[in-house]
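Read through the structure below, which is laid out as structure tokens, and then see the notes.
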Amino acid sequence: MSEQHSAEPDWPAQIGVTEAEMDAAMRPVVAQVRRMAEDQGREVEEFFLSLPGDLFGALAAGYVDARRSGLTGTELHRDAAARTAHLLEHDGRADLIPLAVALRHHEL
């Protein structure tokens, strides 16, 4: 039997995201995941693991790429959202865009 799986691009690796950049990009996302889990009365770890893994690479890469372009404030967050959406669409995961927006929404 052949097992089919997607060869998801490792967006952070492709743009050379450092560990420090990844930490900075994902810290607010993890905080939002925690809030969402608490709002739903779920364990944070279980909720986090239930989210699609390909979402996090696109979120990190979109944010870091936008930040590297020199944007700040609202412009940074809007551009990061657009870049994240583009990466998710590229991966055939446009269905994750609303979740990506929800995970970054608190920053706007």
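The values are calculated or read from the model by the stated rules, or taken from the named source; none is laboratory data. For clarity, every value in this text was computed on a predicted model and none was experimentally measured. In this analysis, Cβ positions are derived from the backbone assuming ideal geometry, glycine residues included, and neighbour counts consider all displayed protein chains. These accessible areas exclude ligands, DNA and RNA; they are computed on the full protein's heavy atoms, side chains included. Shrake-Rupley method; radii C 1.70, N 1.55, O 1.52, S 1.80 Å.
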Subset of the range 72-87, residues open to solvent by less than 50 Å² (accessible area, probe 1.4 Å) and touching an Asp or Glu at 6+ places or on another chain (Cβ under 8 Å), comes to His77, Ala80
Residue set Arg83, Arg78, Arg42; condition free of Cβ contacts under 8 Å to residues at least 40 places away in the same chain, among the basic types (Lys, Arg), out of contact with any strand residue (DSSP E or B) (no Cβ under 6 Å at 6 or more places or on another chain) and closer than 20 Å to Asp10 by Cβ; output residue Arg83
* Asked: Residues in the range 26-42: is at least one at pLDDT 90 or above, within 12 Å of the chain's Cα centre (by Cα), within 19 Å of Gly92 (Cα to Cα) and outside any loop (DSSP other than H, G, I, E, B)?
  -> no
Picking from Phe56, Phe48, the residue that is open to solvent by less than 60 Å² (accessible area, probe 1.4 Å), aromatic (Phe, Trp, Tyr) and either part of a helix (DSSP H, G or I) or farther than 18 Å from Asp23 by Cβ (or both) would be Phe56
